Every structure is written in C-alpha cells, then in structure tokens.
Amino acid sequence: MSLPAIIEAQSLIEAGDIAGAEYALANIAETQGDRALVAALDDLPAKDLLAVIREYDASKESLVNLLVTPEQFAQAVVLERRYGDQTHEQLRGMINSVIFREGADPAEFLYEIAEVDGGYDALVDYLLDRAPMVEHFYKYATFDLYEYGDGARTQAQDDDLMSIDRGDTESLASPLDMANLEDRDWMQVTYLLRYELPEIFREVLMKLRARYKAYLASVQQDELEAAGVVAEADEEDDRPKNNDDGDDKDDDEESAL
C-alpha cells in the first residue's frame with residue numbers, strides 16, 4: 001500500500017528535495033498509521049533513509065526520526081562516511097536526534113550500530129573529537145581532565161581492556177559527571193558504552209586510540225613541514241645578494257687602488 005509513496009520519496013531524494021521526500025514518508029504514517037511507515041522504511045534503501053535522517057532539524061520533530069527502528073537506523077548510519085564530513089558534526093547531530101528521542105533506548109541503538117559492518121568506525125567518528133576525554137573517562141571515571149586522584153580511578157587504571165567489564169564501577173563516576181551524563185550527546189554515549197556495552201566500548205576505544213594517534217602524527221608532520229618552509233625562507237633572506245652586473249666587484253677594486 002505504501003509502495004507509491006516510497007517510489008515518490010526516492011524520486012524526490014534523487015532530485016534533491018529532501019523535505020518533499022520526508023513529507024511523502026510522513027504521509028504514510030498520517031494516512032495508514034505509524035506501523036505502516038515503519039514497514040515502509042524497510043523498503044527504502046539505506047542511502048535514501050540516510051539522506052532524510054541526516055537533514056534533521058532540532059527545531060521540529062521528524063516522524064521518520066521518531067519511528068525509524070534501531071536496525072534501520074544502523075544500516076543508514078554506517079553510510080554517513082560517504083559524505084566525507086571531516087568534522088563529523090552532522091553524524092553526531094543525526095545520531096543524537098534519533099537515539100535520544102522520547103521513549104527510545106539509546107543503548108539498543110548503539111548496540112545495533114556496532115552490529116553492522118562499519119558500525120565501530122561510525123562510533124569512532126562520533127567520538128573522535130572527544131578522544132582525550134573518552135580516554136580519561138575510561139581510566140578515571142570522570143570527564144574532568146584536571147581530576148587525577150586515586151579515589152576517582154576505575155578498575156581500568158592499569159589499562160586492562162580485556163577485563164573492562166569486570167565488577168561494578170558505575171558508582172565511581174564523580175558527582176559532577178553524574179549531573180552532566182544525561183547531556184543527550186557524547187558524554188551520555190560514552191557512559192552507556194562504558195557501563196552498559198563494555199565489549200563494544202573496548203573495541204571502540206582501541207580504534208579510537210589508533211585513529212587519534214594517527215591524527216596527532218598528521219598534525220605534527222604538518223607543523224614540521226610548515227616550520228621547514230619558514231626556516232628555508234629565513235635562510236633565503238639571510239643569504240648575501242649577488243650583483244649580476246659585477247658593479248660591487250668593480251667598486252671594491254677601485255677602492256683598493
């Protein structure tokens with residue numbers, strides 16, 4: 001029953017009319033019910049679903065974002081890398097708008113993302129800009145980079161990633177972090193991964209470390225190359241200027257006479 005609407009939505013997406021496509025999809029829910037839209041999204045290619053979801057608008061609700069299932073969402077999220085967004089801001093906003101919607105279980109969405117091929121990389125992209133703080137939270141159960149006290153350390157202080165899920169360390173989170181954890185953003189995602197999905201967190205953290213190390217090496221290389229260019233320019237400026245017509249040499253000879 002919803003096939004014509006799906007075809008229309010795909011045509012609109014191909015034409016670049018994302019708002020029109022979302023309206024066509026939302027019309028399925030309005031005319032046939034929410035379940036009809038959920039079923040219809042199974043027939044919508046993941047790339048097209050992503051095109052709609054990533055155009056989220058925080059100022060208004062989207063029926064697609066409100067009804068997309070964790071499985072459907074996960075298939076779409078892993079395609080985000082095709083857009084080449086180096087800041088990953090769009091990815092973070094898109095994920096936040098869906099997994100923290102009212103009545104949703106964020107951990108279920110995160111689990112399904114990790115289950116899809118490329119899902120771990122998507123989660124690393126999501127956390128990459130916060131890598132030092134994620135690492136700090138893993139080691140000390142706090143996002144406060146200035147807090148290093150032994151009392152704040154978790155059982156991960158020895159970097160025992162293989163035993164990251166042992167024991168109950170939830171109570172070691174600082175009062176400040178407990179108050180900020182429900183930020184509906186990267187802090188809450190980190191907390192959920194660390195304490196509710198420890199095996200996924202382990203894999204994400206290892207990938208995050210490698211990516212962040214490569215990023216720092218790249219920045220250092222760029223700085224060295226830039227410094228080399230500046231040094232070469234300074235050296236060029238310090239070199240004595242040669243007079244091609246030989247006037248300086250003649251002047252010296254006349255002076256000697």
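The values are calculated or read from the model by the stated rules, or taken from the named source; none is laboratory data. All values derive from a computational prediction rather than experimental measurement. When we count neighbours, we look across all protein chains shown, and the Cβ atoms used for this are built from the backbone with ideal geometry, even at glycine. Protein only, heavy atoms only, side chains kept; ligands, DNA and RNA dropped before computing areas. Shrake-Rupley method; radii C 1.70, N 1.55, O 1.52, S 1.80 Å.
Values computed for the structure shown
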quantity	calculated
Some residue of region 63-74 being open to solvent by 20 Å² or more (accessible area, probe 1.4 Å), closer than 21 Å to G16 by Cα and of a type outside the set (F, W, Y)	yes
Residue count for region 64-93, restricted to those that are closer than 16 Å to D129 by Cα and either in contact with a Leu (Cβ under 8 Å, 6 or more places away or on another chain) or not in a loop (DSSP other than H, G, I, E, B) (or both)	8
Of residues in region 93-119 being modelled with pLDDT of 95 or more and charged (D, E, K, R), the one surrounded by the most Cβ atoms within 10 Å (Cβ to Cβ)	E112
Residue in region 120-143 that is closer than 26 Å to I18 by Cα, open to solvent by less than 60 Å² (accessible area, probe 1.4 Å) and among the polar types (S, T, N, Q) present	no
Test result for V98, in contact with a Phe, Trp or Tyr (Cβ under 7 Å, 6 or more places away or on another chain) and either among the aromatic types (F, W, Y) or touching a residue at least 24 places away in the same chain (Cβ under 8 Å) (or both)	yes
Tally, over region 90-107, of residues that are closer than 16 Å to V52 by Cα and of a type outside the set (G, A, S)	8
Test: residue in region 155-174 that is at pLDDT 85 or above and either within 26 Å of S97 (Cβ to Cβ) or surrounded by 15 or more Cβ atoms within 10 Å (Cβ to Cβ) (or both)	no
Residue in region 104-112 that is free of Cβ contacts under 8 Å to residues at least 60 places away in the same chain and closer than 17 Å to M206 by Cα present	no
Residue pairs meeting the criteria (Cβ under 7 Å; at least 6 apart or on separate chains; first closer than 13 Å to L41 by Cα, in region 1-28; second among the hydroxyl-bearing types (S, T, Y))	E22/S62; I28/S2
Residue match in region 108-120 (condition: over 27 Å from Y195 (Cβ atoms), in a loop (DSSP other than H, G, I, E, B) and not basic (K, R))	no
Selected residue [under 24 Å from the mean Cα position of the chain (by Cα) and farther than 24 Å from E115 by Cβ] from Q86, Q32, Q72	Q86
Test result for E182, modelled with pLDDT of 95 or more and surrounded by fewer than 16 Cβ atoms within 10 Å (Cβ to Cβ)	no
Answer from E253, E196, E203, E232 - the residue that is modelled with pLDDT of 90 or more and over 25 Å from Q90 (Cβ atoms)	E196
E8 vs. criteria within 22 Å of I113 (Cβ to Cβ), out of contact with any strand residue (DSSP E or B) (no Cβ under 7 Å at 6 or more places or on another chain), open to solvent by 70 Å² or more (accessible area, probe 1.4 Å) and not basic (K, R)	no
